[in-house]
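Values quoted throughout were computed directly from the atomic coordinates according to the rules given, and no laboratory measurement underlies them. A quick note: this is a predicted structure, and the numbers were derived from the prediction, not measured. All Cβ positions, even for glycine, are placed from backbone atoms using ideal geometry, and neighbour counts span all protein chains on display.
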Amino acid sequence: MKRTANSAATLALFLLSGAAMAGPAADNPKDSNLQGPAEATTSATLPSVSGTVTKVDEATGKISIDHQAIPNLSMDAMTMVFKAADPDLLKAARPGDAVTFTADKVNGQLTVMTLKKDK
Ligand SMILES: [Cu+2]
């Protein structure tokens, strides 16, 4: 009995927080469908970007890259931190490496989708 009440409360909280985060879109079910295609974007369609690794943090899965313009993110050249889509991407990367990578926005975070060292 008590467990059921707890579960119901947890579910209610979950639903409430979800509605709060979704904001106005929660009132319009059609809006949630708009996120589908954007998230379905694959790395194959992303433009390759040149950059130089400035910092690698395997513990947090993040990498700093001094990068050229990223057309799909409407971003000019700069040095910034990205999340790595896969922690394995960081294993071969060292500060100072010239790399070619693709980046996208995943769950609101700028993320390196693919990364390879330039020869
Ligand atoms: Cu940037």
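Which ordering of Leu115, Leu89 is given by a fewest-first count of other beta-carbon atoms within 10 Å?
Going from least to most buried by this count: Leu89, Leu115.
So the label point goes 7 Å from the Cα of Lys55 along Cα→C-beta, right? Which residues of the range 97-119 then have their backbone N under 17 Å from it?
97, 110-112
Going from the alpha-carbon gyration tensor of the range 45-117, what semi-axes, largest first and in whole Å, does one get by taking the root of 5 times each eigenvalue?
16, 14, 11
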